[in-house]
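For reference, the structure discussed in these notes is given below.
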Amino acid sequence: MSNHYDVLVVGGGISGTALFYELARYTDIERIALLEKYPACATLNSKGTSNSQTIHCGDIETNYTFEKAKSVKKSADMIVKYALMHGYENKFMFAHQKMVIGVGDTESEAIRARFEKFKELYTSLEIFDKEKLKQIEPMVVRGIDGNDRKEQIVAMGVGGGEYTTVDFEQMSNSLIKHAKEANKTTDVFFDAWVKSIKKQGDRYLVKTRDGRKFNANYVVVNAGAHSLYLAHMMGLGLEFSCLPIAGSFYMSKKRLLRGKVYTVQNPKLPFAAIHGDPDILADGLTRFGPTALVLPKLERYRGNSTVVDFVRSLRLDSSVMSVLTGLFKDGDIREYVMRNFAYEVPMINKILFVKAARKIVPSLKSDDVYYARNFGGVRPQVIDKKSKELMLGEASINTGDGIIFNMTPSPGATSCLANGFRDARRACEFLGRKFNEDRFNAELVD
């Protein structure tokens, strides 16, 4: 059959295209296909306007433990090495200075303590006091009256020279391009919205809404918030529920920051604290965000076509209600949810958001920014119904029977090549094929 493949990848975002590339380049698997529901790859959460374009390597993300930072750093290094290997520096990968700021005595002390621990892992990491910040990121220090802000402020970060920023949409396109350079079958099908996946003997039959049929010995679903939806349709992953979180951004009217400026994260929350980033698709204007709002749909800016999918993925029951009720019992989380809901309410949203963003730029005024329409995406936060917990990070359902479903909220884009490495090796083990680990390590690790 012409539509029979050894491995079929569902989803053409950064995670799906990374796996597609690694299967083509580092394995001896001969027939590989990728199905993408839209006319082009990376049109949803991997699109440059849907995320903060950040390579999350763990040095300025204060919610990462040392062990998680070490793991994420290895994943982030793969992104940089891939781009350098193919000559994409200053094309879709760029270097900026970056830092996380501690404002006030408590946060400043926490930043200094974190620096002492993390500097052995990140050798370029520096501490920036107020005087240094005035030189390298002056808007972080300058108050609304033109004088220095009164609070104690300290930052740790990298002054420049390290790659920090990627347009993951362009990277996705490059991954497909280089996958097709392999001397094997590497087919990509657009407008291929998967309707169903069924096990038939030792293969999987995948049907699309337009009637096309594909057979595969191994399937990996990297379909964002729809991964769990497709798993549930097969009766798999029923112990999980999907809570879609939409992120929005505000854009500045002029350049305010020279690099990425993050703030200290609340460890209770799986969502990024507010930060400011130079937007590489908007001539370096500063983009502030993201906000975080529960949205009853699996895809944003696509009408209400995925509302029913949301209901089916949520699988509301007493376990889910217990998790949601528990979240709202926590004062910090309740306040965070209500505040982020207010960020979406016309008339008051910008006023409230600017007040919060002044932690980064104290002199910020409402007239300096505007709500960035059609920016932001949906992150599939997963609820574990057995443990009755909101999972902080990525989730994967590996049946051990030739099919995997991945849900990859932030930092999923940064982890795309590392996750692809994991799943490509799983595919090889299942199919009795070989993964060229020496070549992989030489190009992306060593």
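For this structure, a couple of remarks:
- Subset of segment 262-277 (residues that are over 17 Å from the mean Cα position of the chain (by Cα) and surrounded by 19 or more Cβ atoms within 10 Å (Cβ to Cβ)): Thr263, Val264
- Whenever a residue of segment 299-325 is within 14 Å of Val378 (Cα to Cα), its partners that are of a type in the set (Val, Ile, Thr), lying with C-beta atoms within less than 7 angstrom and at least six residues away or across chains, give the pairs Glu299/Thr306; Glu299/Val378; Arg300/Val378.
- Residue match in segment 398-419 (condition: surrounded by fewer than 22 Cβ atoms within 10 Å (Cβ to Cβ), more than 26 Å from Phe430 (Cβ to Cβ) and polar (S, T, N, Q)): no
- The residue that is surrounded by the fewest Cβ atoms within 10 Å (Cβ to Cβ), among those in segment 290-330 that are out of contact with any strand residue (DSSP E or B) (no Cβ under 6 Å at 6 or more places or on another chain) and within 30 Å of Gln97 (Cβ to Cβ), is Thr291.
- Residues of segment 3-18 that are hydrophobic (A, V, I, L, M, F, W, C) and either surrounded by fewer than 24 Cβ atoms within 10 Å (Cβ to Cβ) or farther than 16 Å from Leu230 by Cβ (or both): Val7, Ile14, Ala18.
- Among the candidates Gly259, Gly235, Gly211, residue that is touching a His at 6+ places or on another chain (Cβ under 6 Å) and among the small types (Gly, Ala, Ser): Gly259
- Some residue of segment 376-399 being out of contact with any helix residue (DSSP H, G or I) (no Cβ under 6 Å at 6 or more places or on another chain), among the β-branched types (Val, Ile, Thr) and modelled with pLDDT of 95 or more: no
- Any chance Leu175 is within 22 Å of the chain's Cα centre (by Cα), surrounded by 14 or more Cβ atoms within 10 Å (Cβ to Cβ), in contact (Cβ under 8 Å) with a residue 40 or more places away in the chain and outside any strand (DSSP E or B): yes
- The set of residues from segment 326-351 being outside any loop (DSSP other than H, G, I, E, B), within 25 Å of Val261 (Cα to Cα), free of Cβ contacts under 8 Å to residues at least 24 places away in the same chain and hydrophobic (A, V, I, L, M, F, W, C) comprises Met338, Ala342, Ile351.
- Restricting segment 265-280 to residues that are modelled with pLDDT of 95 or more and assigned to a loop (DSSP other than H, G, I, E, B), the residue that is nearest to Ala372 (Cα to Cα): Asp279
- Residue within segment 352-374 that is part of a helix (DSSP H, G or I), at pLDDT 90 or above and touching a Leu at 6+ places or on another chain (Cβ under 6 Å) present: yes
The values are calculated or read from the model by the stated rules, or taken from the named source; none is laboratory data. None of these values were measured; they are calculated from a predicted model. Quick reminder, even Gly has a Cβ in these numbers, built from the backbone with ideal geometry, and neighbours come from all protein chains shown.
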